[in-house]
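Working notes, structure below.
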Amino acid sequence: MLVSKVLGITYKNFKYIIDMKIWRGENYHEAGLKQLCDYLDIHDLDKGYLLIFSFNKNKEFKEERVNVQDKDIFQVYV
């Protein structure tokens, strides 16, 4: 089961979906991206945001854009 916190924010007639997850490995991450795409489909959006919290000792702070299921996902690792 994927544990996440999803925020739906509406600002000036635009809707933003932001999903927050804890890093638990690549398989969990791939499933989380699919889950975010499902949320975006529900809200008829093609852009979303993923905030990933890593508690690894050698974590890497990074941000990147990925395309999953024709969705533009901006993800940030902290």
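Please treat every number below as a calculation from the coordinates, not as lab data. Only a predicted model underlies this, so the values are computations on that prediction, with no experimental measurement involved. Cβ placement follows ideal geometry from the backbone for every residue including glycine, while neighbour counts extend to all protein chains displayed.
Per-residue 3J(HN,Hα) values for region 55-60, derived from phi via the Karplus relation 6.51 cos²θ - 1.76 cosθ + 1.60 with θ = phi - 60°, read 10, 5, 4, 9, 5, 10 Hz in sequence order (x marks Gly and Pro). Would you mind counting up the charge near residue 30? Only other residues with Cβ under 15 Å from its Cβ, with Lys and Arg at +1 and Asp and Glu at -1. Value of the local net charge: 0. Taking amide H atoms as placed 1.01 Å from N in the peptide plane, the amide H of residue 50 lies under 5 Å from those of 19, 74, 75, 76, each 5 or more residues away in sequence or on another chain. Amide H to amide H, with H built 1.01 Å from N, residue 23 comes under 5 Å of 53, 54, 55, counting only residues 5 or more places away or on other chains. When semi-axes √(5λ) of the Cα gyration tensor in Å is calculated directly from the model, which label among (i) 23, 15, 8; (ii) 25, 16, 8; (iii) 22, 13, 12 fits? Computed from these coordinates, semi-axes √(5λ) of the Cα gyration tensor in Å corresponds to label (iii).
Pairs of lysines in region 17-74 whose Cα atoms sit within less than 21 Å of one another amount to 12, provided the residues are eight or more positions apart or on different chains. Here the Karplus relation 6.51 cos²θ - 1.76 cosθ + 1.60, evaluated at θ = phi - 60°, turns the backbone of region 30-36 into coupling constants of 4, 5, x, 5, 4, 4, 4 Hz, with x for every Gly and Pro.
Its DSSP H runs of at least 4 residues, each contributing -39,500 (n - 2.57), put the calculated 222 nm mean residue ellipticity of the chain at -7500 deg cm²/dmol, to the nearest 500.
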